[in-house]
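Working notes for the structure below.
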Amino acid sequence: MMQITCPHCGPRAQAEFVYERTVDSVVTLDAAPKEAMETLFTRTNARGEDAEIWRHTFGCRAWLVMTRHRVTNDITAIRAIGPEALP
Amino acid sequence: MTGPMITFTFDGKTYQAQEGDTLAAALLRSGIGLVGRSFKYHRPRGIMTAGVEEPNALVTVGEGGRTEPNTRATDVFVYEGLVATSQNRWPSLSFDIGAMLGLAAPIFSAGFYYKTFFGSAKRWMFYEYFIRKAAGLGNAPVEADPDRFSHRSAFCDVLVVGAGPAGLQAALDAAESGKRVILAEQDNILGPSLIRDPQDLDSAWIETAAARIRAKGGRILLRTTASGYWEHDLVTLSQRLCEPGQKPAKGIAQRLWHVRASEVILATGSIERPLAFAHNDRPGVMLSQAVRTYVQRYGVVPGKRVVIATNNDDAYRTAHALKAAGADIVAILDARPSPTGANGGFPVFNQALPVSVKGARHCLKQVSADVGGVTKVWQADLLAVSGGFTPTVHLHMQAGGTLEWDDAAQAFVPAMSRQNVTTIGGAVRPDPIFPVKPISNPKKSFVDFQNDVTLADVDLAWAEGYRSVEHLKRYTTLGMATDQGKLSNMAALGRLAEKQGVAIPGAGLTTFRPPYTPVTMGLLAGAGAKDAGAHVRRLALYDVHAAKRPIWQPLGYWFRPRAYPVGGETLAQTALREAKAVRTGVGMTDVSTLAKFEISGPDSAALLEIICATSVSKLAVGRGRYTFMLREDGFVFDDGTVWRLAENRYLLTGSTGGADRMAAHISYVRQYLCPHLRVSAVNVQEHYAGIAVAGPKAKSVMAALMGEEPPRHMSTVPAKIGGADVLILAASYSGERAFEIYADAAHAAAVWAACEAEVTAQGGCLYGLEAMEFLRIEKGHLVVGGEIDGRMTPHDLALGKMLNKAGGYIGASGLSRPALSAPNRRQLIGLEAISGTIAEGAMLITEHGGAPLGHVTAAAFRVIEGGSIALGQLEGGFDRTGEELIATSPTRGQTARVRVVAPHFYDAAGERYRD
Amino acid sequence: MMPQGNVIVTDVTITLLPAAPLYALEIWSHAHDVAKRFETALGFALPVMGRSAGSDDLCLIRFEPTVWLVEGDVGALPPILGEDGALTTIGGGIVRVRLSGPRWRALLMESGVFDAESPSFASGCSAATIIDHVGVRLHVVSDDVCDAYVPRSLSAGLVHFWEAAAGSLAA
Amino acid sequence: ADHMSRYSALSLLRGALNGQKHWQPAWRDPEPKASYDIIIIGGGGHGLATAYYLAKVHGLRNIAVLEKGYIGGGNTGRNTTIVRSNYRQKPLHDLFEFGLKMWEHLSDELNYNVMFSPRGSLTLGHSDADMTVLAQRGDAMRCSGIDAELMTRDQVAKFEPLLDMSRDARFPIEGAMIQRRGGTARHDAVAWGYARGADSLGVDIIQKCEVTGFVRDGEGGAVVGVETSRGRIHAGRIGICVAGHSGHVAGLAGLKLPIESQTLQAMVTEGVKPMLNSVIQTQSLHCYISQSDKGGIVFGGDPDNWPSYAQRGDPMVMQGAIAQGLALVPALSRLRMVRTWSGVTDMSFDGSPIIGETPVRNLFLNGGWCYGGFKATPASGWTYAHTLATGKPHALNAPFSLERFMTGATIDETGSGALPNSR
Ligand SMILES: Cc1cc2nc3c(=O)[nH]c(=O)nc-3n(C[C@H](O)[C@H](O)[C@H](O)COP(=O)(O)OP(=O)(O)OC[C@H]3O[C@@H](n4cnc5c(N)ncnc54)[C@H](O)[C@@H]3O)c2cc1C
Ligand SMILES: NC(=O)c1ccc[n+]([C@@H]2O[C@H](COP(=O)([O-])OP(=O)(O)OC[C@H]3O[C@@H](n4cnc5c(N)ncnc54)[C@H](O)[C@@H]3O)[C@@H](O)[C@H]2O)c1
Ligand SMILES: Cc1cc2nc3c(=O)[nH]c(=O)nc-3n(C[C@H](O)[C@H](O)[C@H](O)COP(=O)(O)O)c2cc1C
Ligand SMILES: [Zn+2]
């Protein structure tokens, strides 16, 4: 169980978070059909660092993007996503 | 050390132990040498160690649901009434038929089972039956566990594992510098090694140190083993609150700590190694430090005539301790070439290695050694061995660390750490030793005692090509027993390296994995063992329903009333009665669990048109509409209704089972994909309790409740019922004129009561999910998990016409893939039985033995006329109306001849919704 | 039988608070302007993440970046929000459970993953977390009292768990 | 290469008499050649079986299996060994049933006892709804000639007496579906048996040989070889067969796959005398339990639901699976977990495998087995060998093409859609 530093809540146990998908697999609303399906159905699936989308589902419910190494679990960057919020 | 005496039993006989004894100490005190039988050859085994590394002395402790098989006698402290039983023997420990297997040992070499027992699978199962009976060790309990287990989290600045001198000092230093400290020690006392070797440090120091740690707010946990090192410095500690088999004082037998530490200090010391020689597994061969522990800590002297075999200085301390306790040291076999000055007046032989021992089942009699090429023999009842020290690096390695080779100690010590962990004390500075190579008969020289792996097995694996250390492990089962190779791995590695012609580090290591010592499954399960970790989700109106004793139906984690039987009715009878009431009069049911989202803000419609595949924006205030949602891959994943409550406020409903999935989906779309939208999407599933009132009389019930004309079909109004504010949605799932009443769940009981009174007054009744199924199937309404099974497109479900022409909804791209509009897809159809009763889930075939063209998604009976009907999915189904098929369920022996019809059996035109 | 004169120390007392109207206040645009309007109108600032603010009449607890949980009289809020946010009633879905007594922090560590024992989790602090598989929101009312906001459907299960755990905290 | 001595009871006796002196290495340890007709990347069960059938069925001899570590050290060596063919979707049950039939004779075929033990694959139902789903699955199987039976509560209670049959259990047991021909096998033996068989037919099994790149015939052209930690090796056709590392290895050829690698854990208890008769699975929960021949209770659950190549599991996920298992079999409570480990699984985006061509000429893919490919080992090897030898899919693996994701012809057993942790 990792410890993830939520940009809103600070360091929290991974049990509070849910993984969504990688940043490179976000199908934007304006994507053309073929591009959309390629995005949805293929993954770099890096054996190293990748940018992932997680949600602090059982905490502040906000979404975040974190760069994590899939072997060491080192989290090198983490940022908030979503509507602008007050501090 | 003298405490009060307590009694325990071993194999039915009563013995005395001194308070503070481990079971092993108590058995030795009582002169018991034979404690168990080995896994494969059933060889007699005694007590070899005084710690968690014990491979041999495994017994079953406790009775009934508290029975703990395979308990190390060295790792259970005797309590009054402890019941211990030996294992893996029949009929008795001293006369064990299974020991005959030992005679056939030459056949049962490593991996023998891969090379024989050929023939059919059934034939293997015949042999396997006997193999399985012979394998295993203790017997598992058959009762449920009467005790509870707790999971507790803790956070600290410094976690120190091991309360030896190194760990105690580190914990003290950290506590005194103002840090939050946790100190965990697997033993039941602090500084056990200091009790074993009192000359090292004043034992009063232990108490002072502990008191100072506690005074600074530090937490000291005894009988607590750090068993797993996980990601980001999370360490799990298993704490025993009572001994194996013992009844806990407060109902909790053990506690599992999840400790997140900023820094972890491992002061886990080292484990002494045995030596390899013939019959080195016999009772009476013990580790040197263990012998010393029994003498110094427990006041038990495990032998009177003792030979000591060593390759280092530490064993001389054992000689002194034994001598002081009155034992006779007949020889010290020191592998080193010449005296080291530790001699202490004992009969020391240099260049001396034990070659074999002899003894009876329960004791040792004779030790033979090679002394500089000459064989010498001693009569002795105890052989204490020390082959050096293996640092306890398990946790360091679990944390992703690396090791380096310490040549002087012939041991691996911690090198790099991947996490925030350091190892200190004996685990980084093991005593130097003199490396020795075994010279004994490899077939009788054990490396893995519990799994009966000998040097010869290592040699055989090598010869057969199982040469990587991992293949060696798996082919011979070395290191796979309950001790996980704590004693065996180094000996085997040495042998393997020799074969490979490399130094030990070149041979590689197997992976260290949690747990450090075995952990009780009930402890890992925690409170979840009772409810599978899944609390029941209880309806807001639970009490109201429970009072009526309905038949409950699980749905996800919810339980909902399935039917309300009266007077001994069966489920089927009840459901039919309830459904008829709805068709002919009025019924009411609880629909609280439906997914519900309140969406407000100027961009509400924009958000909804992304989530829903139907058009929403033209919905007038006060009106509602059926809708469905697609996954990104274009398949339908949920359906429901959408209502415009106010200019900028909507309510979206969906299925119960899909509620959590939908909540995540909406959040993703709103927060991630569309952060710019001016909208608030709030999950109000649990805020609103919902009551559906349905039937031809529903309107008059509602009129009575509201005191005004109820809204027309697919309209919504706020109202007051039973004194509470409610929202009324005129929607129907049953096919009758119907209303859903939503009320604040905290006040819903009053609303329910008012509704029930009126429904009853108008001759209606409650109905449950089973009746609801009948009604909706007959009407041809869909259900998520049935017709909507995650593999159907809107077209397959005949919903294509409702798709938002403007596009822009999620799933449009996926839906455009060719296979989603291929001919002959499975499509929604209705079925009516020509003969027989249609089974839900049955396969649809054209002839017996034919391949299924589809299946029955839901089956029911026509509510009023009777007759078996169903909904289904059928290849090219839209074009098959009128065809006759067979609905077959071979698993239930149920077959019906059916006709394909349109998927609505009741009021296809929707006349009944009109006022 | 307890000998005379002994004090029975209950580690934690678990009380269900009466149902109360609760609201989700969400701001979707011009958050800083709304915050200013809010402070001007009500005399205190919208609380930051992890904190609560207000009085017995109107208390806002912040668990989410854009959403505040509001307890009390919300009459003043709609004009402050204007077109920049909305209030949604959610109270029916939440059961408020009061944990009081010296060991409420220890109780929250049972099958929990959040550091409720941290001294910085003090009066006026809030946090959402998961306890025994249930999403729970916590609000520290005082040194001796913490309120938990629990999903209604799971409240019976969680309270049952807490009652059992409270009895053996010291084990 | 006939260095292989046959295994039999007699050969064991001979070993007992001659001090185990006559045994030969089960496989050679050859140096890689400069070039092979076919190279298989990955020495797991699937790769080794593929090589075996290429040699045995298609008569090819110039084949190498390249394994970065030790053979069988991937998911083959760390799985819960459940073998069954009880899938609902036809392409799946046809493929797995083909494999199951091969399991029934595999020990003889390989002259290596893989200990396939058809003790029954039991799937518990916890509600009438579960029982209907199970019946539907069983009916689909039966219509394809595959065995499946429903069991009543009483039958289940008799069959597995330690299950908690109480009515007030959190997940009461209402019945079960059983596939009696399902069971378990000895994981390592499968890799070793295929390796020994392939080696004896001349296949080079090259361990400690990691593929680090592809040699292309021009930019974006066909693959003509691989770069490895032991040098460049040329090949006519190349088959990727690396399970959890599919994404990584395909990435070396510039491909992105509909696969995400996740950790799946397993654990085993200390050995006890026989207590469980079958392989216990459940329709509503996420754990599966069986007892190994050594007596350990082998436990598995759902994957850790996020990408990982770490081969280390999450304790909370493991505890969750154990809680479920104990809710079903309370008598497991006082056993002790002796080891927990994990594998890197290749989670595909419809939950079904991929066996076939890739967009790169001469490069083939076998992957996406998620947590269920062990049971397919013989069938996977057979069909992949066919595909590699002929350049075309076998009828059984034709539906499992890589294009299916773009065309929409996905094979979605659970109907949960496009992401491994789909909503
Ligand atoms: C915990 C767990 C439980 C499971 N339980 C079951 C079950 O009960 N039943 C079931 O049917 N399935 C189960 N599975 C799935 C099953 O184990 C796999 O699907 C199957 O074993 C895969 O076999 P394979 O040969 O394709 O892969 P593997 O055995 O993983 O072999 C792939 C090999 O490729 C090697 N490799 C990787 N990269 C390279 C490279 N660049 N160069 C050279 N070699 C490389 C790896 O080292 C590895 O040895 C389980 C999996 C796990 C992890
Ligand atoms: N001859 C000797 O080896 C010897 C004897 C006594 C003391 N010493 C000196 O003392 C030092 C050794 O002291 P130390 O403190 O490093 O070792 P130690 O052996 O005194 O203490 C290690 C402690 O860690 C505990 N432990 C191990 N793994 C654990 C786990 N996973 N969870 C909980 N507890 C665990 C053990 O029960 C033990 O009490 C050395 O520096 C040595 O010079 C040496
Ligand atoms: C079916 C099965 C049963 C196992 N039984 C045991 C066992 O009894 N004892 C043991 O130590 N390991 C056992 N293991 C686990 C292995 O020791 C090892 O952890 C696993 O193969 C993964 O390899 P790794 O830990 O080296 O990464 C078993 C593994 C499997 C797949
Ligand atoms: Zn957060």
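Identification of strands (runs of 3 or more DSSP E) wholly contained in the stretch B:824-873 with 2 or more residues that are over 17 Å from B:Gly786 (Cβ atoms) yields B:826-835.
Among the residues of the stretch B:377-420, those that are within 15 Å of ligand 2 (Cβ to nearest atom), within 14 Å of another protein chain (Cβ to nearest Cβ) and touching a residue at least 40 places away in the same chain (Cβ under 8 Å) comprise B:His394, B:Leu395, B:Met397, B:Gln398, B:Ala399. Once the stretch B:155-192 is narrowed to residues that are assigned to a loop (DSSP other than H, G, I, E, B), away from chain C (no Cβ under 14 Å) and over 30 Å from the mean Cα position of the chain (by Cα), the residue that is nearest to ligand 4 (Cβ to nearest atom) is B:Ser177.
Candidates in the stretch B:469-488 are the residues that are part of a helix (DSSP H, G or I) and within 24 Å of D:Ala310 (Cα to Cα); of these, the one that is nearest to ligand 2 (Cβ to nearest atom) is B:Lys473. Yes or no: the stretch A:15-26 includes at least one residue that is away from ligand 2 (no atom under 16 Å from the Cβ), under 17 Å from B:Arg670 (Cβ atoms), touching a helix residue (DSSP H, G or I) at 6+ places or on another chain (Cβ under 9 Å) and not in a strand (DSSP E or B). The answer is yes; a qualifying residue exists. Taking strands (runs of 3 or more DSSP E) as the structural unit, no element lying wholly within the stretch B:328-445 holds at least 2 residues that are within 36 Å of the chain's Cα centre (by Cα) and of a type in the set (Phe, Trp, Tyr). Flag set for B:Ile195, criterion: part of a helix (DSSP H, G or I), under 30 Å from B:Tyr316 (Cα atoms) and touching a Lys or Arg at 6+ places or on another chain (Cβ under 9 Å). Each residue in the stretch B:76-118 was checked for being more than 16 Å from D:Lys294 (Cβ to Cβ), part of a loop (DSSP other than H, G, I, E, B) and at the interface with another protein chain (Cβ under 7 Å from one of its Cβ atoms), and 5 of them qualify.
Those strands (runs of 3 or more DSSP E) of the stretch D:212-276 in which 2 or more residues are at pLDDT 95 or above, under 30 Å from D:Gln324 (Cα atoms) and within 14 Å of chain A (Cβ to nearest Cβ) occupy D:259-269. Filtering A:Thr76, A:Thr5, A:Thr67 for residues that are within 21 Å of C:Val113 (Cα to Cα), surrounded by fewer than 16 Cβ atoms within 10 Å (Cβ to Cβ), more than 16 Å from ligand 2 (Cβ to nearest atom) and within 14 Å of the chain's Cα centre (by Cα) leaves a single hit, A:Thr5. Candidates B:Glu68, B:Glu53, B:Glu63, B:Glu80: the one that is at pLDDT 95 or above, over 30 Å from the mean Cα position of the chain (by Cα) and among the acidic types (Asp, Glu) is B:Glu80.
Of the strands (runs of 3 or more DSSP E) contained entirely in the stretch C:22-65, those carrying at least 1 residues that are within 10 Å of another protein chain (Cβ to nearest Cβ) fall at C:22-27, C:58-62.
Do the conditions hold for D:Gly295, that is, is it within 12 Å of chain B (Cβ to nearest Cβ) and either in contact with a helix residue (DSSP H, G or I) (Cβ under 6 Å, 6 or more places away or on another chain) or within 16 Å of ligand 4 (Cβ to nearest atom) (or both)? Taking the combined requirement at face value, the residue does not satisfy it. Within the stretch D:309-318, is there a residue that is more than 8 Å from chain B (Cβ to nearest Cβ) and surrounded by 24 or more Cβ atoms within 10 Å (Cβ to Cβ)? Yes, that holds for at least one residue. Under the condition of being without any contact (Cβ under 8 Å) to a residue 60 or more places away in the chain and within 11 Å of ligand 1 (Cβ to nearest atom), the residues counted in the stretch D:319-352 number 1.
Please go through the stretch B:776-824 and pick out each residue that is of a type in the set (A, V, I, L, M, F, W, C), touching a Gly at 6+ places or on another chain (Cβ under 6 Å) and surrounded by 19 or more Cβ atoms within 10 Å (Cβ to Cβ). B:Val784, B:Leu815, B:Leu820, listed by residue number. Contact annotation: no residue pair with Cβ atoms under 6 Å, 6 or more positions apart or on different chains, pairs a residue in the stretch B:187-200 that is under 17 Å from B:Asp75 (Cβ atoms) and in contact (Cβ under 8 Å) with a residue 12 or more places away in the chain with a partner that is polar (S, T, N, Q) and within 16 Å of ligand 4 (Cβ to nearest atom). Is the stretch A:28-38 home to any residue that is within 11 Å of ligand 4 (Cβ to nearest atom) and under 16 Å from B:Ser667 (Cα atoms)? No, because not a single residue in the stretch A:28-38 is within 11 Å of ligand 4 (Cβ to nearest atom) and under 16 Å from B:Ser667 (Cα atoms).
Among residues of the stretch B:499-510 that are within 13 Å of chain D (Cβ to nearest Cβ), those with a beta-carbon under 8 Å from a residue that is more than 16 Å from ligand 2 (Cβ to nearest atom) and part of a loop (DSSP other than H, G, I, E, B) at least six positions away or on a different chain give the pairs B:Lys499/B:Arg467; B:Gln500/B:Arg467; B:Gly508/B:Ser468; B:Thr510/B:Gly479.
The set of residues from the stretch A:23-49 being in contact (Cβ under 8 Å) with a residue 24 or more places away in the chain and either aliphatic (A, V, I, L, M) or more than 7 Å from every other protein chain (Cβ to nearest Cβ) (or both) comprises A:Val23, A:Asp24, A:Val26, A:Ala46, A:Glu49. For the structure I just gave you, tell me whether D:Arg28 is more than 16 Å from ligand 3 (Cβ to nearest atom), within 14 Å of chain B (Cβ to nearest Cβ) and among the basic types (Lys, Arg). Yes.
Among the residues in the stretch B:199-220, are any assigned to a strand (DSSP E or B) and near ligand 2 (Cβ under 8 Å from one of its atoms)? Scanning the stretch B:199-220 turns up no residue that is assigned to a strand (DSSP E or B) and near ligand 2 (Cβ under 8 Å from one of its atoms).
Scanning the stretch D:327-339 finds no residues that are over 23 Å from B:Pro69 (Cα atoms), within 11 Å of chain B (Cβ to nearest Cβ) and assigned to a loop (DSSP other than H, G, I, E, B). Considered as a group, the residues in the stretch B:181-220 that are charged (D, E, K, R) and either surrounded by fewer than 13 Cβ atoms within 10 Å (Cβ to Cβ) or over 16 Å from B:Ala166 (Cβ atoms) (or both) include one that is modelled with the lowest pLDDT, and that residue is B:Asp202.
Among the residues of the stretch D:169-193, those identified as under 21 Å from D:His93 (Cβ atoms) and in a loop (DSSP other than H, G, I, E, B) are D:Arg180, D:Arg181, D:Gly182, D:Ala185. Filtered by the rule that a residue be crowded, with 18+ Cβ neighbours inside 10 Å and more than 14 Å from chain B (Cβ to nearest Cβ), the stretch D:177-202 gives a lone residue, D:Leu201. Kindly indicate whether C:Arg137 is assigned to a strand (DSSP E or B), among the charged types (D, E, K, R), at pLDDT 95 or above and surrounded by 17 or more Cβ atoms within 10 Å (Cβ to Cβ). Judged against the criteria, C:Arg137 is a match. Under the condition of being assigned to a helix (DSSP H, G or I) and more than 8 Å from chain B (Cβ to nearest Cβ), the residues counted in the stretch D:138-156 number 5.
The values are calculated or read from the model by the stated rules, or taken from the named source; none is laboratory data. Note that the structure is a prediction, hence the values are computed from the model and not measured. Counting neighbours? That spans all protein chains shown, and the Cβs are built from the backbone with ideal geometry, glycine included.
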